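Down below is the structure, laid out as structure tokens.
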Amino acid sequence: GGRPASVFGAASPLTVLRGGRATAGRRWDTALTAVPRLEGTYVAGDVEADSPAGEIAGCTLCSGVRVRPGAGPLRRSLLQHSVEVEAGCYVTNSVLMESCRVGPHAKIESTILGPDSAVASGELAHCLLGEMCAAHHQSLLISVLAPLGRINVGYGANVGSNHTGRAADQECWSGEGLFWGLAVAVKFPVDFSGLPHSIVASGARTEPGQRPRLPFSLLAPGEGGVAVRPGWVLADSPYTLERNGRKYERRRTARRHADYTGYSIARPDMLDACLAAREGLRALPAMNAEGRRRLLGKNLLSEQDRRRGIAAYSDFLRRHALRMLPDQLKGTEAGDVVAALQAAPMAVIPEEEGPLRIPTMPWDDPRGASEEAQWEHGRSILRREYAEVLQKNDAPCHLLKELMALERRWAEGVRRAKAKDDFRGKKTVPEYAAWHVGAGEDPVVQAVEREAREMEARCEKLIERLGGYSEEEGAGVARSKL
């Protein structure tokens with residue numbers, strides 16, 4: 001008693017192997033029941049395997065693992081703490097990280113599946129997926145690298161065109177939080193790591209050899225090819241980001257991987273990506289012909305979508321940089337804050353030089369290591385975005401008013417996105433309103449509006465303390481109706 005069970009050589013069939021008490025007095029129970037074959041496997045305490053359909057061979061089962069009836073076979077794999085595998089699943093040569101759930105009929109081969117991820121019915125082969133990935137339907141991922149995770153895979157998604165007819169040596173990089181829609185087909189090689197929190201809409205057929213750098217975008221099938229709408233999620237579906245951010249916090253249960261999970265969506269490298277995308281769109285010449293579209297990489301871009309993308313990225317950058325300002329003004333003299341802003345280096349557009357390299361992961365980015373480091377990065381953005389405002393005597397009040405307006409606009413956009421679905425549902429589905437939560441009662445909408453009101457109240461108190469705001473020197477902002 002007191003040690004995990006280790007099984008080397010063959011045990012077939014194994015009816016029951018049950019542990020006793022640990023030396024510290026905490027109970028650890030390991031129950032392996034009706035396992036057809038158990039060989040070369042390390043079994044920690046508090047593991048249950050009940051009537052799996054296939055063998056368990058060459059595996060490591062950490063504490064809290066649950067192998068349900070009908071699961072397996074499990075071969076040459078590491079199942080970390082609190083992993084659960086269910087009936088009909090097949091796992092070989094893989095690492096299932098803490099708190100993963102492998103549902104019925106999933107096939108996982110030569111894959112690292114990040115913590116708090118859930119897979120069912122689909123197939124993963126030769127993939128590296130980060131935290132909280134979800135593939136609940138029949139779908140295919142081959143040679144997909146998504147180290148930041150949070151991707152969502154729809155039914156029928158084919159993200160696995162890794163064979164050129166000469167060799168199966170191609171791959172796909174996926175951005176954090178990328179949504180692969182129903183029946184999409186992605187031709188390899190492709191690097192979509194520059195599309196974090198974007199949507200590849202149902203039925204899209206993306207071309208190989210592209211590296212778009214447009215966060216929070218929509219790629220949708222259109223006449224003549226795939227149309228890209230830069231910043232569409234920010235402008236038209238901010239509810240998605242707010243809901244996802246709260247979902248990530250709620251579903252984060254892997255306690256042993258806190259050093260590289262739980263990173264914020266609005267972090268320094270994400271702000272830099274939006275800055276680079278905006279400046280890239282600004283550099284494109286305007287098109288006057290209505291309805292005309294140009295090629296941006298291998299996707300189509302309209303003039304309207306170009307302009308909307310510029311506005312969406314600008315608002316996102318400014319809002320998140322300005323959100324750091326109230327905390328700075330609370331504990332520091334306004335003149336010192338303005339001096340720090342004026343002295344800050346202006347944010348530069350990140351450029352790729354030399355051979356393509358894997359980007360720095362957020363947990364290795366020193367700019368997000370502390371509040372001071374984040375404020376240093378935020379100052380550089382504010383210096384770039386508000387260089388003229390910073391020359392005014394009442395610059396802090398101007399910036400606080402701008403923050404109030406941006407918070408209000410964001411909250412209104414979140415409500416509008418949810419209300420759009422409500423309106424369409426009521427017009428289409430009988431008794432829709434009786435069974436769906438409307439925008440007014442939606443907890444995400446309510447939370448965002450509450451946060452906007454709280455930020456507005458903080459800003460108003462600071463403005464009053466700083467001596468007010470000169471309407472003659474800047475555009476006044478009406479009081480929020482939230």
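Laboratory data are not the source of any read-out in this text; all were calculated from the coordinates shown. Treat the numbers as computed from the prediction; the structure is a model and nothing was measured. Note that we place each Cβ from the backbone using ideal geometry, even for glycine, and neighbour counts take in every protein chain shown.
So the values come out like this:
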item: Violating pairs (Cα-Cα greater than 23 angstrom) within the set LYS392/LYS461; LYS187/LYS247; LYS330/LYS392; LYS187/LYS298; LYS330/LYS401; LYS298/LYS418; result: LYS187/LYS247; LYS298/LYS418
item: Footprinting exposure proxy for ILE142, ILE56, ILE151, ILE112 (fewest neighbouring C-beta atoms within 10 Å first); result: ILE112, ILE142, ILE151, ILE56
item: For the stretch 5-206, alpha-carbon Rg relative to the globular expectation (2.2 N^0.38 Å, N residues); result: 1.10
item: Inverse of mean 1/r across different Cα pairs in the stretch 364-444, Kirkwood, Å; result: 16.3
item: In the stretch 285-347, trypsin sites (Lys or Arg not before Pro) in a DSSP loop with at most 12 other beta-carbon atoms within 10 Å; result: ARG292
item: Hull volume in cubic angstrom per residue (convex hull over the Cα atoms of the stretch 177-252); result: 95
item: Set of aspartates and glutamates near LYS107 by C-alpha distance (under 13 Å), chain-local residues within fewer than 8 positions excluded; result: GLU86, GLU123
item: Cα-based helix-to-principal-axis angle, 334-343 vs the chain, degrees rounded to 10; result: 80
item: Potential extension, GLN446-TYR432 segment - 0.36 nm per residue separation minus Cα distance; result: 3.0 nm
item: Crossing angle, helix 443-466 versus the chain [Cα axis fit, 0-90 degrees, rounded to tens]; result: 40
item: Compactness relative to 2.2 N^0.38 Å, alpha carbon Rg of the stretch 152-280; result: 1.11
item: Relative contact order (%) - the chain, alpha-carbon pairs under 8 angstrom, separation at least six; result: 6
item: Burial ranking of peptide ranges 273-281, 447-455 (average Cβ count within 10 Å, highest at the top); result: 273-281, 447-455
item: Which of MET270, MET324 has the fewest Cβ neighbours within 10 Å, and the rest in rising order; result: MET324, MET270
item: Over the chain: helical MRE at 222 nm, DSSP H runs n ≥ 4 each giving -39500 (n - 2.57), nearest 500; result: -10000 deg cm²/dmol
item: C-alpha long axis of helix 238-251 to longest principal axis of the chain, angle in °; result: 40
item: Burial ordering of TRP232, TRP375, TRP363, TRP180, fewest other beta-carbon atoms within 10 Å first; result: TRP363, TRP375, TRP232, TRP180
item: Burial order of peptide ranges 156-164, 421-429, 191-199 (average beta-carbon count within 10 Å, highest first); result: 191-199, 156-164, 421-429
item: Percentage of interatomic Cα-Cα distances in the chain larger than 36 Å; result: 41
